[in-house]
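Chemist: Sharing a structure with you now.
A short reminder: the numbers here are calculations on the coordinates, not readings from a lab. Since the model is a prediction, treat every value here as computed from it, not as a measurement. Every residue, glycine as well, gets a Cβ built from its backbone with ideal geometry; the counts of neighbours run over all protein chains shown.
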Amino acid sequence: MEQKILKIVDIIDSNPILFEIFKSCPLEILYDCNLKEYPAGAVIWNQGEIIDNFNIIVNGFADIYLSKENGNKYYIGTHQSGAFIGEIEIFEKKPSVCTVEAYTAVTVLKIKQDSFLKWLSQDGNIKSQVIKVLSGEFYDYSLKAGNDILYPLKVRICSYLLSRSKQLSTKTADIVVKVNKAKLSEELAVTPRSIHRVLHNLQSKDIIEVKTDAIIIKDLNKLASEEENQR
């Protein structure tokens, strides 16, 4: 048990974002925390599942989707280190409103529901952190919803690729985004034909190269300019 707590404390102390969240957390709460690792592509939970843990992403990136009955998914956004997942479901005591999937390998710190609510009642800092994170997420979701309505598909695709490039943090000349046309069509909720048309245009300008299972960004600056010019 002590080794588990020491590992969790070491992780928190080495991550400024997590340290800010946990800086006044009672020690007893840490005993009800557990770490869980998910490989890239793993489903952390599905829409409609009951969530009985408060979850904080330690490292990696997790995608958030809304799912339809026919299996189609609509991409909402991506969470990274310090993000909360499952907090609304715990407060509302309702099934998960979305599907959460690991985009990269992800480590999640899980806190039992009763312990999280106890922590919330004892610690003003975590209350402030929850409000801060929820406000940030609401802002990002509102911005994305506005972009989806107001801007053409080309802007949305460029923005998506630019966002993925930041998450990958690669230092190579060409940035490889692991997504195919079908998945991109699914994530942006548009037809594959529309996706193909935009990708073909970007490829003809030597900004990207489209592979079977990936899109290679060849010129990040041109991609950013293309996104800006289409707004």
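Chemist: Please compute the Kirkwood hydrodynamic radius over the chain, one decimal place, Å, based on all pairs of different Cα atoms.
Modeler: 19.2
Chemist: Additional query: Tell me, what is the FRET efficiency for LYS94 and ILE131 to the nearest 0.05, using R0 = 22 angstrom and their Cβ-Cβ distance as r? Don't skip to the end; give the middle numbers.
Modeler: Working: r = 20 Å, r/R0 = 0.91.
For LYS94 and ILE131, the calculated efficiency is 0.65.
Chemist: Right, next: Sequence-distant or interchain residues sharing an amide H contact under 5 Å with PHE61, placed H: which?
Modeler: Those qualifying (amide H under 5 Å, at least 5 residues apart or on another chain) are TYR103, THR104.
Chemist: Quick one: compute the contact order of region 152-229, relative version, from alpha carbon pairs under 8 angstrom and 6+ residues apart, as a percent.
Modeler: Averaging sequence separation for qualifying contacts and normalising by length gives 39 percent for region 152-229.
Chemist: Can you tell me how much longer the chain between ARG231 and ASN72 gets when fully stretched, taken as 0.36 nm per residue apart minus their C-alpha distance, in nm with one decimal?
Modeler: Between ARG231 and ASN72, full extension yields 54.5 nm more.
Chemist: Estimate the FRET efficiency between THR191 and LYS112 by the formula 1/(1 + (r/R0)^6), using the beta-carbon distance for r and 41 Å for R0, to the nearest 0.05.
Modeler: Computed FRET efficiency for THR191 and LYS112: 0.40.
Chemist: Search the structure for amide H atoms under 5 Å from the amide H of ALA214, placed 1.01 Å from N in the peptide plane, and list their residues when 5 or more places away or on another chain.
Modeler: Those lying under 5 Å, H to H, from ALA214 are VAL179.
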